Amino acid sequence: VQLQASGGGLVQPGGSLTLSCAALETPFRINGMAWFRQRLGQAREVVASISTAGRPNYRESVKGRFTISGDSEKSILYLQMNNLKAEDTGVYYCNPTNPLRQLNWGQGTLVTVSS
């Protein structure tokens, strides 16, 4: 089972992108899911998540700029990213927040913010 993130690309600072995440084989509910980011040479970090109660949570550096949402009926998770900054550059992945539930990370989707 693998989660496939897509929607990355090259964008100028201040631009926007919307990432999508879908399961290739098994449906999932968006509660308990998260978007992760791995910047070059750094550990993977949680950028945004939806708690098991359905509450969105954001890393401080992306608050007010990123929005996590999704549709459990369609098993799809989104990350709307606005006012992108160079430090948002990295490979983005989706997976459950709980390490015990995490699936194959896949290749993620590369976001490059550069002028």
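The table that follows gives values for the structure above.
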{"read-out": "Charge dipole (debye, nearest 20) of the chain; +1 at Cβ of Lys and Arg, -1 at Cβ of Asp and Glu", "value": "200 debye"}
{"read-out": "Cut-off under 5 Å, modelled amide H: who pairs with Ser75 long-range", "value": "Phe28"}
{"read-out": "Residues of region 79-98 with amide N under 15 Å of the 7 Å Cα→Cβ point at Thr67", "value": "79-84"}
{"read-out": "Those residues of region 8-52 whose amide nitrogen sits under 11 Å from the label point placed on Gln2, 7 Å along Cα→Cβ", "value": "24-25"}
{"read-out": "Relative contact order of the chain, defined on C-alpha pairs under 8 angstrom at six or more residues apart (%)", "value": "38 percent"}
{"read-out": "Rg to Rh quotient for the chain, alpha carbon positions, Kirkwood Rh", "value": "0.94"}
{"read-out": "Rounded FRET efficiency, nearest 0.05, which uses the C-beta distance separating Asn82 from Asn104 and R0 of 35 Å", "value": "0.75"}
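Rule-based calculations on the coordinates, nothing more; no lab input. Every value quoted in this text rests on a predicted model; they were computed, and no experiment measured them. Don't worry about glycine lacking a Cβ; one is built from the backbone with ideal geometry, like all the others, and counts go over all protein chains shown.
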